[in-house]
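Only one structure is covered here, and it is reproduced in the block below.
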Amino acid sequence: MSKLGNIGARLYRGEVGYDFIGKRKIWYGISILITITAIVGLAVRGLNMGIEFSGGAVFTTPKTSVSASEAEHRAEAAAEGHQAVVQKLGNGGLRIQISELDTQQSVPVQEALAKDLNVPVKDINTQLVGPSWGEEIANKAWMGLGIFMILVVIYLAIAFEWRMALAALIALIHDLTITVGVYALVGFEVTPGTVIGLLTILGYSLYDTVVVFDSLKEASKDIGKQSRFTYSELANRSINSTLVRSINTTVVALLPVAGLLFVGGGVLGAGMLNDISLALFVGLAAGAYSSIFIATPLVADLKERDPAMKALAKRVRAKRAAAAAKADAPEQGEGAAADAADEDAPQDEDGDAAAAGSGMVGQRNQPSSRNRGRGRPSGKRR
């Protein structure tokens, strides 16, 4: 068995473990700091909404020798200050997006681009996206996200309990906030692909959380009938038992997404992959973090406020205190017996205790020289 597999087996059996629940205040602090940073970035920089949401025009050119950065400057100059996003296509052409551009403004911009890029006007394909269509897409995205959240809460409340549903909802909002904040800080364009990526990571985060919750539900079954573990301790054992599985699942999921983001979007220049790959990469990492460090500790916090769990924790502490006192009792009894033996032991000429009081039992069983040979015969022939 591999080293990681051996650790996973020991974690599952409870032989080793890390106190995630006991250090939950540290994880809460880290999450609050990251969330505040994301909110500040979102408030200061805002989201770079794609043309699908803000409206505008998309110009697709044939093969040209003009670079993407140079074409971006020329497009913004032709559009008189409107923001432009330029992507290099595989055939050598360019895809130029200019936001908030209406039909009347698109014609002179098309002519200016044809002149600057030295291509025929008729060869430039123009597509217009109205702001009303983008607003409709945004409203549908928010509606889909809201329906998803409601269904998640209802399902978890039925399958588990309301505390787990609330903790899972907080973890999902945590993942969404971090992902959106990273988009604001990085400046990547928000497109319908981004929305798809967000919905995908919410499903993954929910799956990882449900795995831990299912283990906790099984471990805490008939918890009130025992007095060995508190609810928080069982929650911590559930996290440790599924820890290696969560790590393996996260790593396997992040590797292809990292290929899309860093290789496809960075090395190969396929910028259209960035909108969905960044959402997946950040969301998968945040989802794995929240399922371990946020969702389950929140459940333990909420559950420990229940009177039955408070009574259980009190019984566990009382039982452990009694066991500790019982373990100390024999040691104290042995110490008292030894002290009594020292006091009753005969003293030699120097006033020191005899060997019997010092624990030399073997010498106490030896016959004296006066009585040697006078005892009962041993039965041995000489």
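So the values come out like this:
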| read-out | value |
| --- | --- |
| Residue count, segment 1-50 (criterion: farther than 30 Å from residue 274 by Cβ, at pLDDT 80 or above and not basic (Lys, Arg)) | 8 |
| Test set (1) outside any helix (DSSP H, G or I); (2) open to solvent by less than 20 Å² (accessible area, probe 1.4 Å); (3) not basic (Lys, Arg) - residue 235 fails condition number | (1) |
| Those residues of segment 79-111 which are small (Gly, Ala, Ser) and either touching a residue at least 40 places away in the same chain (Cβ under 8 Å) or open to solvent by 30 Å² or more (accessible area, probe 1.4 Å) (or both), in sequence order | 81, 90, 99, 106 |
| Residues located in segment 140-187, provided they are free of Cβ contacts under 8 Å to residues at least 12 places away in the same chain and not in a helix (DSSP H, G or I) | 161 |
| Hey, residue 177 over 24 Å from residue 308 (Cα atoms), crowded, with 17+ Cβ neighbours inside 10 Å and either modelled with pLDDT under 90 or polar (S, T, N, Q) (or both) or not | yes |
| Condition met for residue 72 (touching a strand residue (DSSP E or B) at 6+ places or on another chain (Cβ under 8 Å), open to solvent by 50 Å² or more (accessible area, probe 1.4 Å) and assigned to a helix (DSSP H, G or I)) | yes |
| Criterion violated by residue 126 - all others in (1) out of contact with any Lys or Arg (no Cβ under 8 Å at 6 or more places or on another chain); (2) surrounded by 14 or more Cβ atoms within 10 Å (Cβ to Cβ); (3) assigned to a helix (DSSP H, G or I) satisfied | (3) |
| Segment 192-234, subset in contact with a Phe, Trp or Tyr (Cβ under 8 Å, 6 or more places away or on another chain) and hydroxyl-bearing (Ser, Thr, Tyr), residue farthest from residue 292 (Cα to Cα) | 194 |
| Pairs with Cβ under 7 Å, 6+ apart, first in segment 253-266 and over 17 Å from residue 88 (Cα atoms) and in a helix (DSSP H, G or I), second aromatic (Phe, Trp, Tyr) and modelled with pLDDT of 85 or more | 254/281; 257/281; 258/281 |
| Qualifying position, being over 30 Å from residue 143 (Cβ atoms), in contact with a Pro (Cβ under 8 Å, 6 or more places away or on another chain) and among the hydrophobic types (A, V, I, L, M, F, W, C), among 235, 258 | 235 |
| Segment 19-46, residues that are open to solvent by less than 70 Å² (accessible area, probe 1.4 Å), more than 30 Å from residue 241 (Cβ to Cβ) and in a loop (DSSP other than H, G, I, E, B) | 46 |
| Output for segment 287-330, where each listed residue is within 22 Å of the chain's Cα centre (by Cα) and either open to solvent by less than 10 Å² (accessible area, probe 1.4 Å) or of a type in the set (Val, Ile, Thr) (or both) | 287, 290, 291, 292, 294, 295, 296, 297, 299, 300 |
| Filtered residues of segment 87-107 (kept if touching a Gly at 6+ places or on another chain (Cβ under 9 Å) and either of a type in the set (A, V, I, L, M) or more than 16 Å from residue 128 (Cα to Cα) (or both)) | 87, 88, 98, 101 |
| Flag if residue 209 is polar (S, T, N, Q), at pLDDT 85 or above and assigned to a helix (DSSP H, G or I) | yes |
| Checklist (1) on the phi > 0 side of the Ramachandran plot; (2) open to solvent by less than 90 Å² (accessible area, probe 1.4 Å) applied to residue 118, failing item | (2) |
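The values are calculated or read from the model by the stated rules, or taken from the named source; none is laboratory data. Here the structure is a predicted model, which is why all the values come from computation and not from measurement. Don't worry about glycine lacking a Cβ; one is built from the backbone with ideal geometry, like all the others, and counts go over all protein chains shown. Side chains included, ligands, DNA and RNA excluded: accessible areas come from the protein's heavy atoms. Shrake-Rupley method; radii C 1.70, N 1.55, O 1.52, S 1.80 Å.
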